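What follows is a short report on a single structure.
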Amino acid sequence: MNIRHATMSDLDMIAAVEAECFPPAEAATRESFVARIRYYGNHFWLMFDEDKLISFVDGFVTNEPDLTDEMYDKAFLHDESGEWQMIFGVNTIPEYRRQGYAGQLILSAIDDARTQGRKGLVLTCKEKLLSYYAKFGFVDEGVSDKSTHGNAVWHQMRLVF
């Protein structure tokens with residue numbers, strides 16, 4: 001397995017994996033990924049099995065302490081000198097799930113954020129995934145009042161260095 005950051009040549013693969021992993025109301029569009037890669041391709045962690053994209057994690061950096069819905073579609077809000085690494089998506093195609101691949105990417109994101117001098121990382125997830133992210137050191141801050149993305153209930157979780 002190979003891990004690297006995203007370039008525009010990865011766009012179609014990223015959009016396809018996203019569409020396979022999230023329902024339409026929650027999935028980012030191909031157009032959204034164009035902007036995300038343009039503004040913060042170095043904050044995508046892609047995992048390949050040979051030439052096949054099997055998993056990825058992405059999110060931008062900001063000084064805002066909380067993840068908001070506006071962040072998903074406004075990639076230009078990325079601030080490379082920001083204090084917080086946001087995680088917008090953790091995606092693994094179904095046939096590769098439960099093998100630790102997403103976890104490896106989350107650890108890569110954590111290591112990079114620590115190396116870059118960030119305060120930590122922030123993500124939102126559904127209640128059923130709270131214990132999964134807690135294994136990496138994320139702490140549940142309760143139901144988010146700033147994210148109702150896809151008309152779902154999201155818990156905000158934070159890992160502070």
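The values are calculated or read from the model by the stated rules, or taken from the named source; none is laboratory data. Source: prediction; values computed, not measured. Every residue, glycine as well, gets a Cβ built from its backbone with ideal geometry; the counts of neighbours run over all protein chains shown.
Being out of contact with any Ser or Thr (no Cβ under 7 Å at 6 or more places or on another chain) and assigned to a strand (DSSP E or B) is true for just one of 107, 11, 46. Which residue is that?
Result of the check over 107, 11, 46: 46.
Can you pull out the residues in the range 28-46 that are hydrophobic (A, V, I, L, M, F, W, C), more than 19 Å from residue 114 (Cα to Cα) and under 13 Å from the mean Cα position of the chain (by Cα)?
28, 33, 37
Pick from 124, 68: which is at pLDDT below 95, surrounded by 15 or more Cβ atoms within 10 Å (Cβ to Cβ) and touching a Leu at 6+ places or on another chain (Cβ under 6 Å)?
124
Note down all Cβ pairs under 6 Å where the first residue falls in the range 100-115 and is at pLDDT 95 or above, the second is aromatic (Phe, Trp, Tyr), and they're at least six residues apart or on different chains.
105/45; 106/136; 108/45; 109/45; 114/161
Of everything in the range 81-94 that's out of contact with any strand residue (DSSP E or B) (no Cβ under 6 Å at 6 or more places or on another chain) and at pLDDT 95 or above, which residue is farthest from residue 130 (Cα to Cα)?
My answer is 81.
Mind checking whether some residue in the range 128-147 is crowded, with 17+ Cβ neighbours inside 10 Å, more than 13 Å from the chain's Cα centre (by Cα), assigned to a strand (DSSP E or B) and not aromatic (Phe, Trp, Tyr)?
No, because not a single residue in the range 128-147 is crowded, with 17+ Cβ neighbours inside 10 Å, more than 13 Å from the chain's Cα centre (by Cα), assigned to a strand (DSSP E or B) and not aromatic (Phe, Trp, Tyr).
Can you go through 58, 73 and tell me which one is closer than 17 Å to residue 19 by Cα, among the charged types (D, E, K, R) and buried (at least 21 other Cβ atoms within 10 Å of the Cβ)?
Result of the check over 58, 73: 58.
Does residue 157 satisfy being touching a Cys at 6+ places or on another chain (Cβ under 7 Å), of a type in the set (A, V, I, L, M, F, W, C) and assigned to a strand (DSSP E or B)?
It is true that residue 157 is touching a Cys at 6+ places or on another chain (Cβ under 7 Å), of a type in the set (A, V, I, L, M, F, W, C) and assigned to a strand (DSSP E or B).
Return the residues of the range 27-61 that are hydroxyl-bearing (Ser, Thr, Tyr) and in contact with a strand residue (DSSP E or B) (Cβ under 6 Å, 6 or more places away or on another chain); say none if nothing qualifies.
55
Kindly establish whether residue 73 is more than 14 Å from residue 39 (Cβ to Cβ), charged (D, E, K, R) and in contact with a helix residue (DSSP H, G or I) (Cβ under 9 Å, 6 or more places away or on another chain).
In short, no.
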